[in-house]
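Student: I am attaching a structure below and will ask some questions about it afterwards.
Please treat every number below as a calculation from the coordinates, not as lab data. Only a predicted model underlies this, so the values are computations on that prediction, with no experimental measurement involved. Reconstructed Cβ throughout: ideal geometry from the backbone, glycine too, with neighbour counts over all protein chains shown.
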Amino acid sequence: MSKNTRVPGYMQSKAARNTRGIIGDREIRFKCSLQNTILDVLRGRPGWQEVPGPNIQQQNSQQNNKPAAGIKPTVSSQPAGPQQPSAGVPNRIGYQPVPPIQRNSDGDWDFYWCDREWLHQNYDTMFLHEHQKILHFRNHYELTRKNLMVKNLKRLKKQTEREQGKSEGLSFDFHPTTYELPSEYHIFVEEFKRNPGITWIMKPAAKSQGKGIFLFRRLKDITDWKKGEYQPLTDTTREVPETYVVQRYIENPYLIGGRKFDIRIYVLVVSYNPLKVWLYRDGFARFSNTRFSLDSIEDAYVHLTNVSVQKNAPDYDPEKGCKWSTMRLRQYLTAKHGSEAVKKVFKGIDNIITKGLQSVQKIIINDKHCFEMYGYDILLDSDLKPWLIEINASPSLTASGKEDYELKFGLLNDLLNVLDLENRLTGKEKRIGGWDLLWDDGPVLADDGNMECTTNGTSVTTANSFLGCHNDRKRQLREIYTSAQAIKKT
Ligand code: ADP
């Protein structure tokens, strides 16, 4: 199909268009600030048309290429690359800046995969039309900054204990003990002294890709660090001390082939109020390249499983990479521990996903134009207990190999299928491609066919969660599009 043709099944009825904020019978105009898999997906989508040229904020910063006085430049894990202007369309650099309200006029874009910095700088002054969709909620950092995530989880835990009793609070015990530094330094020192000999991990609250992380066991290591970092007042060129979190290090990770790994899971939130959450079936385990040992706590290649760290290891093999699909991991664990034990692990992961989102549900500025695709990082310990390490609002979409590209391409295409700007679906689907609806203002149960017998003989309906299960997304999409078309005709 040519890129400019209309997408079949576009909504024709104005009434229905208004209820779901759907675009009419014309191409969908998109903008994208990244130059990786997402751009390929958007460019390859039938009926979608790229809006050329860099965004206005980039023009401004390119024109006055220096930050305002006193403002610390932020570092993005995935910097916004300049967009490729389409052939024959002049690049807009050098044009006079346009006042913000005009930038998002109907003549501009329908869908914007923007970077977080752009949203922070523009959200408060922009007007969005009914049908426009944009990546990120305004204050997504409430969940994705390491210190705030823990603060919000602790608050919801306390509230749950108050309202439902102490035992309910236990369902929040999935993140390692964490303190914010410097603000909670003294409480941390007390905790440190209560647990002599254990390992702690220090992490900058707002950085990613393993930057600035180190492990320690002696308070002396952190007092040295403290001296280095927290005495900026005599040096006027230094900025305020960076916020860190200090966290109990999980010393007994589950090992495969002697190596540690964590699991990357993709979660899509299309609304915070009511909370509506989709979970993608595919994900991957990221292995460290070097065998695990607690003897070498200074070795990042042993302890940090980030691909950005591991790919610099001297014996890293780019062909083999260091990833397993979540399906392969699930099969491995099932073979070793049996399906009941593995179901418990994945149920624990579902709990982490929903509790994490509920902890910020009342804080996130909900906006029907916004959506967020999170990358959850989960670590299993040797008792198969899942731990939440962190939640990313900009999980890497750059593929590390062919298999990784296929996963991300399918993931992002299906994300657009869920958002359904083309209005080809009914809005009642519980599964769209590889995404399963996990939470829709309450837990979503799998269809009746998935009733399951527990070991004590009782029958329970299972959650609509299929992480690590077979992802026959293309067949499933064919089926739901055919059935949605039939429903719409009647
Ligand atoms: P970043 O945002 O820089 O990636 P993370 O919090 O994800 O920081 O930590 C990086 C890596 O360090 C994780 O992928 C994990 O392998 C390891 N790690 C982080 N926290 C812990 C912890 N508390 N226990 C064990 N390993 C951890």
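Student: What ³J(HN,Hα) values, in whole Hz, does the Karplus curve 6.51 cos²θ - 1.76 cosθ + 1.60 give for the range 464-480 when θ = phi - 60°, with x put for Gly and Pro?
Tutor: Taking θ as phi minus 60°, the curve returns 7, 10, 9, 4, x, 8, 4, 10, 8, 5, 5, 4, 5, 5, 4, 5, 6 Hz for the range 464-480.
Student: Right, another one. Distance from the Cα centre of the range 26-54 to that of the range 258-284, in angstrom?
Tutor: Answer, in whole Å: 24.
Student: Can you list the HN-Hα couplings for the range 186-191, worked out from phi with the Karplus curve (6.51, -1.76, 1.60; θ = phi - 60°), rounded to whole Hz and with x for Gly and Pro?
Tutor: Listing the rounded values in order: 5, 5, 4, 4, 4, 5 Hz.
Student: If packing is taken as the mean number of other Cβ atoms within 10 Å per residue, what is the order of 393-402, 475-484, 161-170, 108-117, highest first?
Tutor: In decreasing order of mean packing, 393-402, 475-484, 161-170, 108-117 become 108-117, 393-402, 475-484, 161-170.
Student: Exposure proxy check: Thr223, Thr199, Thr144 ranked by fewest other beta carbons within 10 Å?
Tutor: Placing the least packed residue first, the sequence is Thr223, Thr199, Thr144.
Student: Quick one: what are the phi-derived ³J(HN,Hα) couplings along the range 419-431, Karplus 6.51/-1.76/1.60 with θ = phi - 60°, whole Hz, x for glycine and proline?
Tutor: Per residue, the Karplus-derived 3J(HN,Hα) values read 5, 6, 5, 6, 6, 9, 10, 8, x, 10, 5, 9, 9 Hz.
Student: Let me ask another. Can you sort Ile432, Ile198 by how many other beta carbons sit within 10 Å, fewest first?
Tutor: Ranking Ile432, Ile198 by Cβ neighbours within 10 Å, fewest first, gives Ile198, Ile432.
Student: Could you pull out every residue, at least 5 positions away or on a different chain, whose amide H is within less than 5 Å of the one on Lys133? Hs are placed 1.01 Å off N in the peptide plane, and Pro or chain starts have none.
Tutor: Phe111, Tyr112
Student: Could you list which residues have their amide H under 5 Å from that of Ile28, counting only those 5 or more apart in sequence or on another chain, with H placed in the peptide plane?
Tutor: For Ile28, whose amide H was placed from the backbone, the distant partners under 5 Å are Trp48, Gln49.
Student: Residues with amide H under 5 Å of Val245's amide H, sequence separation 5 or more or different chain, H placed in the peptide plane at 1.01 Å from N; which?
Tutor: Residues meeting the criterion, in which the H sits 1.01 Å from N, are Leu181, Lys203, Ala205.
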